[in-house]
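Remarks on the structure that follows.
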Amino acid sequence: MNITRKLEILADAAKYDASCASSGAARKDSRGSTGVGSTGGSGICHSYTPDGRCVSLLKVLMTNACLYDCHYCINRRSSNVIRARFTPDEVVQLTLDFYKRNYIEGLFLSSGIIRSADHTMELVIEVARKLREEHHFRGYIHLKTIPEASQALIAKAGRYADRISINVEMPTQQGLNTLAPEKNLARTEEAMGHIREKIDERYAEKRKPEAPKPPPFATGQSTQMLVGADASTDAVILGCANKLYTAHRLKRVYYSAFSPIPEPSVILPLKAPPLIREHRLYQADWLLRFYDFKVEEIASAAAPNLDLALDPKLAWALRNRETFPVDVNKAPREMLLRIPGLGVRNVERIVSARRYTRLRLADLIRLRLQMKKLLPFIITADHHPAKLGLDSDSLRARFLPPPEQLELNFDAPPAPVASDFLSVRSGEL
Amino acid sequence: MRTIVVKPEYEAWRAAARHLLAQRVMPDEVLWSDDPQEASLFVGEDLLAKQPASEAIKVPSAFMDMAKSAAAHTDSKRWALLYRVLWRLTLGGERYLLSMATDRDVRQMQDWCKAVGRDIHKMHAFVRFRLVGVDAVTGREQFVAWFEPDHRIVRLAVPFFEKRFAGMDWSILTPYECAHWDGKRLHFTEGVACSSAPDEDALDDLWRTYYRNIFNPARVKISAMQSEMPKKYWKNLPEAPLIAGLIAESAERVQGMLAKEERPAKPAPKNAYLESLHRMNQDEAP
Ligand code: SF4
């Protein structure tokens, strides 16, 4: 099989992993070496495909042969796809060739599981080792690891990689039992715990001035959860994500709305979830990490699923209208962060400007805020809306997308609009 | 009212601005121009030399950073506005001015910085190097790229390429300035025409293979793609010619997936690891 054919199969096999981050690595670059590569700045998307996803890394599998039978996955053993396998040197060469042409900024290497977890990990690690040690490659490397792989191998993977990840796939073991019978949530979390310790160690050692250089290790770990393939509610999904952020300090949880695959399995639901659900989950995730929201405030036991028609912060504000309007000239930062339509950066701008002036509407317009969204929720020197006395439905109706969209999608949620797409990558509100 | 003609570069503006500030010239007493037609009137180096050292006026370094970036913008109003902000920050007594994103001048400056920052970022993303040869003496691979930035950003953008591609020789050609790296030093030459750059690389086909296969036809989001990769960049991207075709055939591909007969689960093969895994899973079951 020639390299083009292998690349076709093994890129196709890798595309369901949403992770594309290439930021947050330690600073390193190629100056003074014979190699290429640098990391440490903000990530760069070198291209975009028509699915709106960024292409920053060469994302491939070592092999798409797999012992496991995860029903949402094109590579599962029951699937009838053509199998291929790269040699380590082929991946190394592809990475370097692509990198030197500035098509990519690194490698994201994963693999179907063959023979055993350790054997598979060794294959993946060998590529990273060659890149780093033989070719002095200083670009970004993200390695997928397997929870059942030995500690020693995970440590070795972390030595070469900037990021390592294990996908939890489902927020509950119950979901895994049906859809990914070989996978186990407890073991995945245990492995994440070990990885966290190694990352912590790296940072702790770094802080001590006299300490010997810490063992090199990746600077972060991330994971992916599949949305819509099992019956888990958004509350369960966000609860799981929140636990991973707090207990194992993950850098990112990626949510991937399960989408139809060639070679579908009988066990999978027929209907894919609307992409907007994935988008709302990213927005909610942002609220957890940067806006100090609690999971229960966004998705409670009583209303466990996100409102697909409204962004979760706006939905929260409408449920808590007694909190508003908020005075942008006086309210503490935590409260400003709760105002729909106001992002972290603009909150900083407001806090810094109001030390010198009393903010008026014209000032906010100059910050290019979304005034229509903002107005009912804020007080400025020259604007004082009535208490949000409107009955809940009419205030909510104000923020719904225009009716023609609703008609088009009679029983589906409104079609996402361009601005939804814009923020879908970043999840910024 | 006086007219100050500067080379369209931050350093030239800074020298002139320093001079004017030392003489306490009010912003509305100056007309700024960087029109190359008036090159003979460029403020000379001698102006810098005449600068009385004792007149040094403290300027926040945050302003200098912003000014450097805003200066790379192509809006001809930038020199006057930068001087006005400089004046307000110092002699005007508004030392806190940069904290006021709500101020018109500050906002304008931030907009320019943002546009320039984006331009630099896109240059880092969309430059495509093409292999043109190998140096017979050093054995280093030599690459050339063509890029058309919106603003005058080459010098701001190239330190990134120096760090990332130190191990190869490269040139980045643009219409107004070119940058070259030979492993030891960076140097710059005049801009060239697009025809000076190679337009193919032997690897482009393999790259297109990757691009075609990493795309998921089940999630078409064209506006998301275009907002991050506007069409103006497409002509220099080897993968861009594939876009229309991928979009056109996506619906049919998804239909094909949905129509495909579902496959039953296949029993586990005999494998020691898999058996141990199943045992582990059973032990952990509550
Ligand atoms: S382990 Fe599961 S998800 Fe991973 S490649 Fe194999 S079948 Fe796919």
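Every number in this text was worked out from the coordinates using simple rules, so none of it is lab data. Since we're looking at a predicted model, the values are computed, not measured. Cβ coordinates were reconstructed from backbone atoms using ideal geometry, including for glycine residues, and neighbour counts include every protein chain displayed.
Have a look at A:A191, A:A257, A:A84 and tell me which one the Gaussian network model of chain A (Cα, springs below 10 Å) gives the largest fluctuation.
Taking springs between Cα atoms under 10 Å, the residue moving most is A:A84.
Counting helices only, and only those DSSP H runs with n ≥ 4, report the 222 nm mean residue ellipticity of chain B as the sum of -39,500 (n - 2.57) divided by its residues, in deg cm²/dmol to the nearest 500.
-13500 deg cm²/dmol
Fewest to most neighbouring Cβ within 10 Å: what's the order for B:I4, A:I379?
The order, fewest Cβ neighbours first, is A:I379, B:I4.
Among B:A62, A:Q283, B:F147, flag the residue with its Cα farthest along the positive direction of the charge dipole of the protein assembly as shown, charges on Cβ as +1 for Lys/Arg and -1 for Asp/Glu.
B:A62
Note the angle between two axes, namely the Cα long axis of helix A:3-12 and the longest principal axis of the Cα atoms of chain A, as a number of degrees from 0 to 90, rounded to the nearest 10.
Computed tilt is about 40 degrees.
What is the antiparallel percent of DSSP beta bridges lying wholly in chain A, to the nearest 5?
Percent antiparallel among DSSP bridges in chain A is about 20.
Could you list the square roots of 5 times each eigenvalue of the Cα gyration tensor of the protein assembly as shown, that is, the equivalent ellipsoid semi-axes, sorted largest first and rounded to whole Å?
46, 35, 24
Indicate the gyration tensor shape class of the range B:202-259 (rounded, prolate or oblate), computed on the Cα atoms with a ≥ b ≥ c the square roots of the eigenvalues: a/c under 1.5 is rounded; otherwise a/b larger than b/c is prolate and the rest oblate.
Judged from the Cα gyration tensor, the range B:202-259 comes out oblate (a/c at least 1.5, b/c at or above a/b).
Using only Cα atoms, what Kirkwood radius does the range B:127-196 have, in angstroms?
Here the Kirkwood hydrodynamic radius works out to 12.3 Å.
State, to one decimal in nm², a quarter of the convex hull surface area for the C-alpha atoms of chain B, i.e. the direction-averaged projected area.
Seen from a random direction, the Cα hull of chain B projects 27.7 nm² on average.
So for the protein assembly as shown, taking the charge dipole from beta-carbon charges (+1 Lys/Arg, -1 Asp/Glu), which of A:V344, A:M1, A:P181 sits furthest toward the positive end?
A:V344
Pick from A:D69, A:D327, A:D230: which residue has the top mean-square fluctuation in a GNM of chain A where Cα pairs under 10 Å get a spring?
A:D327
Can you give the % of DSSP beta bridges in the protein assembly as shown that are antiparallel, to the nearest 5?
35
Taking the Cα centre as origin and putting +1 on Lys and Arg beta-carbons and -1 on Asp and Glu beta-carbons, what dipole magnitude results for the protein assembly as shown, to the nearest 20 debye?
1420
In vacuo Debye scattering of chain A, one point per C-alpha: log10 I(q)/I(0) at q = 0.07, 0.08, 0.10 Å⁻¹?
-0.39, -0.51, -0.78
Assigning unit charges at the beta carbon (Lys, Arg +1; Asp, Glu -1) and nothing else, what dipole magnitude in debye, to the nearest 20, does chain B show about its Cα centre?
Charge dipole of chain B: 700 debye, to the nearest 20.
Mind checking which lysines have their C-alpha under 18 Å from B:K235, skipping anything on the same chain fewer than 8 residues away?
Partners within reach: B:K122.
If one takes the longest principal axis of the Cα atoms in chain A, at what angle in degrees, from 0 to 90 and to the nearest 10, does the Cα axis of helix A:151-160 lie?
The helix A:151-160 is inclined about 80 degrees to chain A.
Where nothing but the Cβ of Lys and Arg (+1) and of Asp and Glu (-1) is charged, how large is the charge dipole of chain A around its Cα centre, in debye to the nearest 20?
Computed charge dipole of chain A: roughly 1500 debye.
Take every Cα pair under 8 Å in chain A that's 6+ residues apart, average their separations, divide by the length, and report that relative contact order as a whole percent.
After rounding, I find 12 percent.
Can you tell me the convex hull volume per residue for the range B:178-286, based on C-alpha atoms, in Å³ to the nearest whole number?
308
Positive end of the charge dipole of the protein assembly as shown (Lys, Arg +1 and Asp, Glu -1 on Cβ, about the Cα centre): tell me which of B:S33, A:S38, B:G167 has its Cα farthest that way.
B:S33
Could you please rank A:V347, B:V127, placing first whichever residue has the fewest other Cβ atoms within 10 Å of its Cβ?
The order, fewest Cβ neighbours first, is A:V347, B:V127.
Test of understanding: ordering B:F188, A:F399, B:F165, B:F143 by Cβ neighbours within 10 Å, fewest first, what list do you get?
Least to most surrounded, the residues fall as B:F188, A:F399, B:F143, B:F165.
For the pairs A:K183/B:K260; B:K7/B:K68; A:K130/B:K163, flag any whose C-alpha to C-alpha distance is greater than 19 Å.
From the list (A:K183/B:K260; B:K7/B:K68; A:K130/B:K163), the Cα-Cα distance tops 19 Å for A:K183/B:K260; A:K130/B:K163.
Using the basic label-point model (7 angstrom from Cα toward the beta carbon), what is the B:A272 to A:A381 distance in nanometres?
7.8
Students often forget the sequence filter, so: which aspartates and glutamates lie under 18 Å Cα-Cα from A:K330 once same-chain residues fewer than 8 apart are removed?
By straight Cα distance, A:K330 reaches A:E322, A:E348, A:D363, A:D382.
By how many degrees, 0 to 90 and rounded to 10, does the Cα axis of helix A:234-248 deviate from the longest principal axis of chain A?
So the helix axis and the longest Cα principal axis differ by about 60 degrees.
With springs connecting C-alpha atoms under 10 Å apart, model chain B as a Gaussian network and identify which of B:E94, B:E190, B:E252 has the largest mean-square fluctuation.
Result: B:E252 has the largest fluctuation of those listed.
At 222 nm, what value in deg cm²/dmol follows for chain A if DSSP H runs of at least 4 each add -39500 (n - 2.57) and the sum is divided by all its residues, to the nearest 500?
-11000 deg cm²/dmol, from helical runs alone.
Kirkwood Rh, Cα Rg: Rg to Rh for the range A:296-361?
Checking Rg against Rh, the ratio lands at 1.05.
Run through every distinct alpha carbon pair of the range A:272-407 and return the Kirkwood hydrodynamic radius in angstroms, one decimal place.
15.9
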